[in-house]
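Structure, as structure tokens:
The values are calculated or read from the model by the stated rules, or taken from the named source; none is laboratory data. Here the structure is a predicted model, which is why all the values come from computation and not from measurement. Note that each Cβ is placed from the backbone with ideal geometry, even for glycine, and that neighbours are counted across all protein chains shown.
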Amino acid sequence: MDFELTPEIEEKIKLLAVKYDSMGQDLVSYLDGLLYANYLTYWDYIHLDTLLSLQDPKTDFPDETIFITYHQITELYFKLIQHELNQVSWLKDSNGKVFLEKIRRVNRYFRHLVNSFEIMVEGMDYNEFLKFRMSLLPASGFQSAQYRQIEILCTDFRFLVEASQRDLFDEHSRIEEMFGYAYWKRGAIETESGHKTLTLRQFERKYSEDLLKLTKRCRTRNLWFIFSNRLQESNLKDKIIEELRTLDALVNIDWRLSHFQAAVRYLNKDTQAISATGGTNWQKYLPPRFQKQVFYPSLWSEEELENWGKSWVIQHVGSRTRVTTPSPSKDFHSEGKPNSSTKNENGVAE
């Protein structure tokens with residue numbers, strides 16, 4: 001085969017020589033490596049064989065493969081979301097354009113996750129799920145540390161404090177004090193005893209130290225701090241607000257209530273609600289109207305906050321479903337008596 005050393009190839013070689021010389025490296029050695037290296041394949045690049053070997057169901061029920069695969073896919077999307085949020089956290093200047101683009105990417109990922117949750121709601125056999133789930137105790141999606149990390153990266157931690165304790169803290173409060181009242185702990189308390197579930201104790205042993213470090217590091221690096229302190233004069237402010245509101249709704253309404261819809265389908269049998277695998281009180285933990293978890297409360301009107309999540313319930317659950325909610329356990333930070341639960345006009349506990 002005839003080969004012509006074109007000016008374009010010569011220019012590329014010169015650029016490579018400059019690149020490797022600046023690092024004290026020998027270009028010829030790297031060219032030898034390129035000469036001897038095998039061609040890259042798709043399956044090697046994405047480690048396909050390894051990826052497809054990671055599904056290890058604990059039972060022989062076919063639909064458990066759907067369950068485990070979907071959760072692994074979800075965690076990969078969480079990794080992509082964190083990848084974008086971490087880039088925003090370490091921006092060296094107030095770049096509204098980059099900030100906006102990263103939040104749009106995050107919203108795109110979350111929108112896909114919300115839309116894909118139909119796989120969980122409608123894509124598994126009801127009876128199979130109720131059987132194979134018992135082999136998963138006490139594991140729970142509650143134990144997703146990546147999801148907690150995403151929340152911490154998105155907002156000031158005082159907005160992640162459980163609703164009943166939130167007024168005790170402000171932007172100057174110590175992180176350690178607020179961390180003890182993280183809202184997710186409330187959802188993993190045994191209904192009868194008021195004690196922490198094994199699921200929560202496992203999670204705290206493995207992740208609490210790292211999550212606390214991240215919370216401290218993100219105090220001045222979360223999305224809300226960056227927007228509030230660096231982008232108020234940006235000509236993209238209105239568009240940024242629109243995307244932050246979208247992110248807030250996707251995470252704290254749509255994503256949460258997609259889980260609630262799945263829980264209603266599989267765990268609400270006749271008049272008796274079935275416990276989640278981790279013992280979490282899903283009836284109180286999942287509906288947004290209980291937690292009022294909002295990343296950016298100042299971006300919403302009082303009416304929107306008052307009706308947080310209600311329109312979703314009416315649209316997606318409506319009068320088709322009636323959830324029987326046990327009385328919530330008492331606050332594990334106090335000795336107060338538990339409050340009795342109520343239900344709205346749609347039969348959804350509030």
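Some values worked out for this structure:
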read-out: Filter result for Thr59 (β-branched (Val, Ile, Thr), farther than 30 Å from Asp238 by Cβ and in contact (Cβ under 8 Å) with a residue 40 or more places away in the chain); value: yes
read-out: Test: Val251 is over 16 Å from Ser89 (Cβ atoms), free of Cβ contacts under 8 Å to residues at least 60 places away in the same chain, surrounded by 17 or more Cβ atoms within 10 Å (Cβ to Cβ) and β-branched (Val, Ile, Thr); value: no
read-out: Breaking point among (1) under 18 Å from Leu153 (Cβ atoms); (2) touching a Pro at 6+ places or on another chain (Cβ under 7 Å), for Ile81; value: (2)
read-out: Helices (runs of 4 or more DSSP H) (entirely within region 10-103) containing at least 1 residues that are among the small types (Gly, Ala, Ser) and either surrounded by 14 or more Cβ atoms within 10 Å (Cβ to Cβ) or in contact with a helix residue (DSSP H, G or I) (Cβ under 7 Å, 6 or more places away or on another chain) (or both); value: 63-89
read-out: Neighbours by Cβ (under 8 Å, 6+ apart or cross-chain): first from region 24-35, on the phi < 0 side of the Ramachandran plot; second outside any helix (DSSP H, G or I); value: none
read-out: Leading residue by the ranking (nearest to Lys185 (Cα to Cα)) among those in region 227-243 that are surrounded by 17 or more Cβ atoms within 10 Å (Cβ to Cβ) and aliphatic (A, V, I, L, M); value: Ile240
read-out: Residue check for Thr191: over 25 Å from Phe78 (Cβ atoms) and among the hydroxyl-bearing types (Ser, Thr, Tyr); value: yes
read-out: Residue within region 262-274 that is surrounded by fewer than 19 Cβ atoms within 10 Å (Cβ to Cβ) and of a type in the set (A, V, I, L, M, F, W, C) present; value: yes
read-out: Given (1) surrounded by 21 or more Cβ atoms within 10 Å (Cβ to Cβ); (2) at pLDDT below 95, index of the condition Phe110 fails; value: (2)
read-out: Qualifying positions in region 276-295 - surrounded by fewer than 21 Cβ atoms within 10 Å (Cβ to Cβ) and at pLDDT 70 or above; value: Lys292
read-out: Qualifying residue in region 236-253 (condition: at pLDDT below 95, under 26 Å from Tyr126 (Cα atoms), assigned to a helix (DSSP H, G or I) and out of contact with any His (no Cβ under 9 Å at 6 or more places or on another chain)); value: yes
